[in-house]
Amino acid sequence: MATNPQSHRVIAGAMTGTSIDGIDACILDVQGEGLHARATLKGTASGSLGPCSEMLRSLASEVSHSAAEITATRRRLSKRILQTIQKAAGASRVDLAVVHGQTITHAPPDSWQLIDTATIAAGLDCPVAGDVRAGDLACGGQGAPITPLGDWMLFRSDHPTAVVNLGGFCNITWLPETSRIEDIRGADVCACNHLLDSAAVQRLGQAFDDGGGIAATGSPQSPLVDSLMEILRQSAASNRSLGTGDESVDWLSSRIPAETPTPDLLASIADAIGKVIGSAVRAEGCEEVLLAGGGSRHQPLARSIAAAAGIPTCMSDTRGIPVEMREAACLALLGLLDRDGVPFTLPQVTGRASEHFVGMSWCQPTPTPRKVEGT
């Protein structure tokens, strides 16, 4: 397609991950169109899910609820996302926004991200996209990972790089040293924060082990590390999008001796996850690792990944995108590509058919209609 390098837009992206721990929104200042666009971070904000979180966790756990309860939760969630985007934007006018919505279930070919784009479009007065995975699924893909092309736009360099996202699940984008989009690879690897946070809830009575502080006081226990790695490697070898049922939390109740000290358990989980992820990175011959996602603040996990990968490892912050905002920034760029007529998922990553593509669902505000005399 023809591109206009002078084109300038302000775009927003908002993400609520499978960890159900909050809302991240970012604003990008974008110059150019399509794959030629260049983005600069303009603003960020994080928000709480508030009372929505309990209901969202219940839905994600496949507990039945009434249509009225689900609809009310969708509206409240969407208002909170709108407020977070508005906080990130400040006084800036947003030209378009992409909102992922909360994943309730993901088991390809079925996937459901709860969101009401109309509420957000009305508040921002700009086009807002949702259902970002649906088109890929409809074209035979897994609907994930969807971010590799966004990673390429944000982080590509002259050497092969692995962008490791440490969310509820870990996924990796392998960026080539070439500019060939066909050489980009990506895959889901294994459960990550799902396991770390579940252990924190069970053993510490808190939502997560902040920064891995408790895990850092323990020592990985080889039997625990080995048994968990066996499960996680099976996920990594499945070559499919991970989702509902892949959280691996059953390991916590079936494989842990009751006398295991909590710090040792948390250290063992971080070490096992890190070794599986680091091995996946190393297998692709990368020269650098960029960590992103909330799990990258977990120091024992980050150290385990770096040790297993055996190559320089740093945070996405060093490339101008805070680790918490990487997914939101990628979403914003994927919306830009979709708006500019560029397919935003990659057949070699998601497995979708290459000959056709279905984009996002856009909610488009319309100008106030003129009054027609006599009607």
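Our coupling estimate for the range 290-305, obtained by passing each phi through the Karplus curve with A = 6.51, B = -1.76, C = 1.60 and θ = phi - 60°, is 10, 8, 8, x, x, x, 6, 7, 7, 4, x, 5, 4, 5, 5, 4 Hz, Gly and Pro reported as x. For LYS42, nonlocal amide neighbours, meaning residues 5 or more places apart or on other chains whose placed amide H falls under 5 Å from its own, are ILE27, LEU28, ASP29. The helix-only estimate of mean residue ellipticity at 222 nm for the chain, built from DSSP H runs of length n ≥ 4 each weighted as -39500 (n - 2.57), is -11000 deg cm²/dmol after division by the residue total. Remark: the range 253-260, residue by residue, has Karplus-estimated 3J(HN,Hα) of 9, 10, 10, 9, x, 4, 7, 5 Hz, where x stands for each Gly or Pro and the curve is 6.51 cos²θ - 1.76 cosθ + 1.60 at θ = phi - 60°. Comparing mean-square fluctuations of ARG75, ARG303, ARG319 from a GNM of the chain with C-alpha springs under 10 Å, the top value falls on ARG319.
Between the helical axis of 262-282 and the longest alpha-carbon principal axis of the chain there is an angle of about 60 degrees. Residues whose amide H falls under 5 Å from that of THR103, counting only those 5 or more places apart or on a different chain, are LEU114, with hydrogens built in the peptide plane.
Among CYS286, CYS190, CYS26, the residue with the largest mean-square fluctuation in a Gaussian network model of the chain, with springs joining Cα atoms closer than 10 Å, is CYS286.
Our summary gives the chain a relative contact order of 21 percent, counting only alpha carbon pairs under 8 angstrom and 6 or more residues apart. Seen from GLY243, the other residues with C-beta closer than 14 Å to its C-beta sum to a net charge of -4, counting Lys and Arg as +1 and Asp and Glu as -1. For the residues SER198, SER222, SER235, a GNM of the chain with alpha-carbon springs under 10 Å puts the largest fluctuation on SER222. Taken along the Cα-to-beta-carbon direction at a fixed 7 Å, the label points for SER92 and SER64 span 4.6 nm. Taking 17 Å as the straight-line reach from the Cα of LYS42, the aspartates and glutamates in range (excluding those fewer than 8 positions away in the same chain) are ASP24, ASP29, ASP95, ASP317, GLU324, GLU327. Near the amide H of VAL98, within less than 5 Å, lie the amide hydrogens of ALA12, GLY13, ALA14, ALA129, all on another chain or at least 5 residues away, with H placed in the peptide plane.
For the chain, the longest principal axis of the C-alpha atoms and the axis of helix 326-339 are separated by about 30°. Summary value for the range 148-311: 29 percent relative contact order, contacts being C-alpha pairs under 8 angstrom separated by 6+ residues. Annotation: cysteines of the chain without a disulfide-compatible partner (Cβ-Cβ under 4.7 angstrom) are CYS26, CYS52, CYS126, CYS139, CYS190, CYS286, CYS314, CYS330, CYS363.
The numbers here are math on the coordinates, done by the rules we state, and not lab data. What you see is a predicted model; the values in this text were computed from it and never measured. Glycine also receives a Cβ, built like all others from the backbone with ideal geometry; neighbour counts cover every protein chain displayed.
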